[in-house]
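Student: Before I ask anything, let me first share the structure, which is written out below as structure tokens.
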Amino acid sequence: MELQGKRAAVLVEQMYQELEVWYPVYRLREAGCTVTLVGPDAGQTYPSKLGYPAKSDEAASDVSADDFDILVIPGGYAPDHMRRCPAMIRLVSTMAEQGKVVAAICHGGWMLCSTQALKGRKATCFFAIKDDVINAGGKYVDAEVVRDGNLITSRKPDDLPAFMQAIIQAARGAEAGPGDGSLTGSDLCGSQGMQRIRINYYGILLTKRAYLLATTLAGLTAVLIWVLVVWKGLIPPPEWPPWQQKPLMVGTGLAAWFFNHVYTVLWVLIPLEGIDILIVLRRFARLEAEQRAQLSKSSVHS
């Protein structure tokens with residue numbers, strides 16, 4: 001089992017979102033993890049938004065960050081009640097400080113806002129609390145799951161598969177996937193992925209342009225010397241002996257030949273490479289637009 005020997009706490013309070021509690025609970029148990037439901041009080045039954053009960057195993061005041069490796073904060077309206085419990089806030093804050101895996105989905109980001117866990121970190125959330133996350137110091141990213149070190153966040157129930165994959169990956173000690181500190185199923189096609197591609201492309205292009213400019217200046221210098229030698233007869237002076245004149249003439253001739261050929265080849269290859277990369281950029285832009293259109297049509301809220 002992937003998480004044999006690992007211990008996870010799933011926070012519960014009244015008005016929680018059903019899927020965002022029970023999907024993580026059963027998925028973590030399936031992976032071999034010991035899961036504990038933690039609420040303000042032990043043995044208390046907390047109804048979900050639809051009335052489905054979740055009975056807490058432990059009170060937040062009776063456990064500590066040392067008892068767990070993973071913390072899951074579900075959404076719904078439960079986080080608004082959780083953040084009224086100092087012991088629950090303290091558990092979240094301490095686990096984040098200790099580098100434990102802290103995962104929040106949907107409105108679960110509200111609990112992170114009540115701690116210092118978001119400062120300078122990339123995170124996502126349900127769009128309605130985006131401003132809260134930003135005001136708490138987070139760097140908001142619109143993606144199905146964002147992983148910044150030990151911090152994992154998602155937006156809504158539809159993101160749960162990616163959310164749990166990221167949690168399991170983090171708990172196993174694996175590094176985040178592609179994406180500037182984040183693990184996202186669509187990040188490569190998102191605005192951040194596009195920005196990274198543009199930076200890489202322009203870096204390569206500027207390097208080659210700089211080389212091309214240096215080659216051009218060297219070639220022009222060689223041609224100028226060749227003209228002065230052959231046409232004007234100014235360099236070398238007539239009084240130079242032949243054994244000094246010939247090497248200079250041969251050397252400048254070879255430099256001019258090199259300039260003409262390399263210059264032509266570079267000017268042909270660079271635009272072709274640029275066209276290929278621009279085609280890739282356009283494809284990513286189209287995928288990004290399609291994803292945003294799908295998100296706008298989504299009617300699943302937590």
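Student: Sorted by average packing, counted as other Cβ atoms within 10 angstrom per residue and highest first, what order do 33-45, 154-166 take?
Tutor: Details: 33-45: 18.5, 154-166: 22.5.
The densest-packed peptide leads the list: 154-166, 33-45.
Student: Counting pairs on different chains as well as pairs 8 or more places apart, how many Lys pairs in region 63-157 have Cα atoms under 13 Å apart?
Tutor: Details: Lys119/Lys139; Lys122/Lys130; Lys122/Lys139; Lys130/Lys139; Lys130/Lys156.
Final tally of qualifying lysine pairs is 5.
Student: Classify region 1-78 as rounded, prolate or oblate from the Cα gyration tensor: take a ≥ b ≥ c as the square roots of its eigenvalues, call it rounded if a/c is under 1.5, otherwise prolate when a/b beats b/c and oblate if not.
Tutor: On the way: a/c = 2.23, a/b = 1.33, b/c = 1.68.
It is oblate, given that a/c is not under 1.5 and a/b is not larger than b/c.
Student: Ranking request for peptides 118-130, 66-78: highest mean number of other beta-carbon atoms within 10 Å first, then the rest in descending order. Don't jump to the answer; show the numbers that get you there.
Tutor: Details: 118-130: 20.2, 66-78: 23.6.
Descending mean neighbour count gives 66-78, 118-130.
Student: Please give, to one decimal in nm, the separation of the simple spin-label points placed at Leu220 and Asp67, each 7 Å out from Cα toward the Cβ.
Tutor: 7.5
Student: What does the highest-first list of 49-61, 133-145, 95-107 look like by mean Cβ count within 10 Å? It would help to have the intermediate numbers written out before the result.
Tutor: Values: 49-61: 15.1, 133-145: 20.6, 95-107: 23.6.
Per-residue Cβ counts within 10 Å, averaged per peptide and sorted highest first, yield 95-107, 133-145, 49-61.
Student: What share of the DSSP beta bridges in region 26-126 is antiparallel, in percent to the nearest 5?
Tutor: Once the DSSP bridges in region 26-126 are tallied, antiparallel ones form about 35 percent.
FYI, it's all coordinate maths here, none of it is from the lab. Here the structure is a predicted model, which means the values were calculated and not measured. FYI the Cβ positions are ideal-geometry reconstructions off the backbone, even for glycines, and counts take in every protein chain you see.
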